[in-house]
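We did not get these values from a lab; they are worked out from the coordinates using the rules stated. Keep in mind that what you see is a predicted model, and the values were worked out from it rather than measured. Quick reminder, even Gly has a Cβ in these numbers, built from the backbone with ideal geometry, and neighbours come from all protein chains shown.
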Amino acid sequence: MIYLLPPKLFRSLAWTLLAGLVCLAGCRTTDQADSGELASVTISGRTEAEIQQAAAGVFLADEYQQVNPLTFEKRGTGWDKLAYGGWSSNPVWIRMRLNITSAGDGRFILAGNAYAVVDRHEASMEEEKPLSVSYRSECKKILDQVKARLDSPPDVVPP
């Protein structure tokens, strides 16, 4: 036995399906790192030490704390606590880990991953949860700033 949907209900379902497909297609990004990290940039003509120094400058200016040369943390927002905090009453921290890889010919790939950290610095309780879509644009923005800082000419000090 075949059941036919009323035309209004059929149109409503069709529009809902179309809206869902548009939303899913809109979530796709083209700035994903080729190396499997959340985001990456290619930097030419600089040393690994220069890249580390520029990254530290950008992260510190964005209110991150430097944990080690390639790891930075800052306190997450209320939304981060809601999304990743679970039952913990402690704040959630956002941890960015960078990786610098030689690509040959004086080029390096600076890549980064983001994590939500619950119960930070609690020896047996700290939990690090990888972030993906929610922090891809933030990670990419910061890496682009590092690249821009390295590409810009150095400040000239007047005599």
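Values as computed for the structure displayed
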read-out	value
Neighbour-count ranking [beta-carbon atoms within 10 angstrom, fewest first] of MET125, MET96	MET125, MET96
Whole-percent pair-distance distribution, where bins are 10 Å wide, for the alpha carbons of region 33-151	14, 45, 29, 11, 2
Of the chymotrypsin sites (Phe, Trp or Tyr not before Pro) in region 47-154, those whose Cβ has at most 16 other Cβ within 10 Å and which sit in DSSP loop	TRP87
Per residue, the convex hull volume that the Cα atoms of region 63-129 enclose (Å³)	101
